[in-house]
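Here's the structure we're looking at; comments come further down.
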Amino acid sequence: MQKLQEYGQRLAWYEAKLQNASRRLQLLEVGDWTPTELAFQELRKEIGEMESFVGHLRSSLNGSDTTVEVVHRELFVTFCRPTNYILPFVNVRGKSLIDRRWNCPLIYLLRRTQKARMCELLDAPQRRGEPKEDYLQNMSVTVSALESYDKNQVVAMRRELATLKQRLEDCQKGKPLVGRQPPIGTCTHQGIWRLSKPSVVQLNWRGASYKAGAWGKESSLRAWRKKRYWVAPLNLDGRRLDSVRLYRSYQDLLLSRSPTDQLIPGFGQGAGLVLYNGSFYYNCYNARDLCRLDLESGAVDRRAVPDATFSNRFSYAGTSWQGLDLAADESGLWVLYTTERSEGDIVIGRLGPGSLALERTWQTSQYKPAATNTFMVCGVMYATRAVSTRREEIFYAYDTRTGRERRLSLPLEKVTDVVQSLSYNPGDHKFYMYSDGYLLRYNVLFRP
């Protein structure tokens, strides 16, 4: 009798420990308890003690004590409890790892095809009258599975994080970040990296019939000068430049507000003009001369470019009457042209400060009629060509600082077939394109 009382006391103590373990498993299921390796070891130790005691108790009482039945019911309710609501067990990437019908971690941890089998294993002893310690063994298996699952999840997540970190490092090495762009007016970069998608500003102010022309923003690195925007559609013949419309700001351009029309004395020719430090530079009509119109005084200066071809000789592909193409960048003003001696290959000429005279020239190997346009960035001439009706490609570069040329492939999207003019502005790192009468703008990103 005394031994039975002792067994009863020990059984009540283990029953309380079992209930405590059950509560911890429930906390694990709902996510209120994050298990550690030490917690798993402690839980397994308690279950091992209960396994040993129930086995010993069964051999002594031969399974007739009603308290053993209580232990059985607690185990079954803990591990295979039907529920009408979902309790999140573990949340990974926003997905609950719990079955919608059975709030049972053991069932989920094993594959879906094993669900019915595992519940059957837990319920079988009750139906067949098998030993109750089988439930404790199942409980031990469950904890082991949970512990293994927890470790495997941590390992998998660590591997995924390591992979993402490596991909980020590779991306940073091969592709510079947008936020690391050089300051305006400097050339502390390794050339153009890529271009943004085009922003269609609007149709030119004369209408869709005026397909040839140019537009842009005044190029100047002087901080005190307020930069104006200008639009210059050519006549319907795609050759003669009669006037240019100016706007005080980009907002004025968008709203067509307070424009100023500037007549071009003696006319200009082609779409290779640029507004630089308060003056328009353009190809004088039907001549190899450069013209400069001072917008303040209205005075016009002109000077011939030695040996330059004109009258539509060696113009760009798809665009006529661009014998002299003006370009501005961080280092000054340039003129791009050809000569008979160069056999149509592009010659780069740098103009002296405040002068129309050529300070120095460079001979390239790029045939001008094979390119659709050219522009200058930090002393490097880039050339474009058509790839399709909706895509151009920057394919050639010549560095005047080193005398070296190279081939490249930088895509440039467009909205119409023909690009009549393309210019770079060093004051805002943008491209300005005139394409079949439409005004487009691009952001330029550089490689540090």
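The table below gives the values:
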{"item": "Calculated FRET efficiency for the pair R391/D428, C-beta based, R₀ 30 Å, to 0.05", "result": "0.80"}
{"item": "Where Cα atoms sit under 12 Å apart: lysine pairs in segment 191-447 separated by 8 or more or lying on different chains", "result": "5"}
{"item": "Spacing of the two label points (7 Å from each Cα toward its C-beta) at R401 and E296, in nm", "result": "3.1 nm"}
{"item": "Under the Karplus curve 6.51 cos²θ - 1.76 cosθ + 1.60, θ = phi - 60°, whole-Hz ³J(HN,Hα) for segment 292-302, x wherever Gly or Pro sits", "result": "10, 10, 7, 6, 7, 9, x, 6, 10, 10, 8"}
{"item": "Most to least packed among 350-356, 374-380, 419-425, 231-237 [average Cβ atoms within 10 Å]", "result": "419-425, 374-380, 231-237, 350-356"}
{"item": "Accessible surface, per residue, of segment 191-447 when the full set of protein chains is kept, probe 1.4 Å, Å²", "result": "41 Å²"}
{"item": "Extension gain, A370 back to Y250 (0.36 nm per residue minus Cα-Cα distance, nm)", "result": "39.8 nm"}
{"item": "Highest average packing first - 285-293, 184-192, 331-339, 304-312, Cβ atoms within 10 Å", "result": "331-339, 285-293, 304-312, 184-192"}
{"item": "FRET efficiency, 1/(1 + (r/R0)^6) with R0 22 Å, evaluated for N312 and Q363 via beta carbons", "result": "0.50"}
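The values are calculated or read from the model by the stated rules, or taken from the named source; none is laboratory data. Note that the structure is a prediction, hence the values are computed from the model and not measured. Backbone-built Cβ (ideal geometry, glycine too); neighbour counts: all protein chains shown. Areas reflect the complete protein model, heavy atoms only, side chains present, ligands, DNA and RNA absent. Shrake-Rupley method; radii C 1.70, N 1.55, O 1.52, S 1.80 Å.
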